[in-house]
Amino acid sequence: VLSGANADGAAGLRTVLSRGGVGVVQEPSTAERQEMPLAAIATGLPVHVAAPEVIGLLLAQLVAGTAGGGVRRREQGAGA
């Protein structure tokens, strides 16, 4: 979920995670519209939160198993 409006991304995030996927959410402060990334984070589900310029690197790190730098990790139940 990179940007958008309302809570559409939160529903999509739940679906992705329920099927074993990884949640990557745009850092709300970098989004033109913050509603969707904030709603995704507010689910309390575990997600990586990163600025757009870091998301590509994060995806490469996730594939390589070395994720970490430049992202915040929200654990389940951590809230916004």
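The values are calculated or read from the model by the stated rules, or taken from the named source; none is laboratory data. Computed from a prediction, not measured in an experiment: that's the story for all the values here. Quick reminder, even Gly has a Cβ in these numbers, built from the backbone with ideal geometry, and neighbours come from all protein chains shown. These accessible areas exclude ligands, DNA and RNA; they are computed on the full protein's heavy atoms, side chains included. Shrake-Rupley method; radii C 1.70, N 1.55, O 1.52, S 1.80 Å.
Taking the simple approach of a point 7 Å from Cα along Cα-to-Cβ for both Ser29 and Asp8, what is their distance in nm?
Modelled inter-label distance: 2.7 nm.
For the full complex of protein chains and a 1.4 angstrom probe, list Leu57, Leu38, Leu62, Leu13 by accessible area with the highest value first.
The ranking, largest first, comes out as Leu57, Leu38, Leu62, Leu13.
Please state the shape class of the range 1-63: rounded when a/c is under 1.5, otherwise prolate if a/b exceeds b/c and oblate if not, all from the C-alpha gyration tensor.
oblate
Only Cα pairs under 8 Å and at least 6 apart count here; give the relative contact order of the range 26-67 as a rounded whole percent.
Reported as a whole number, the value is 39 percent.
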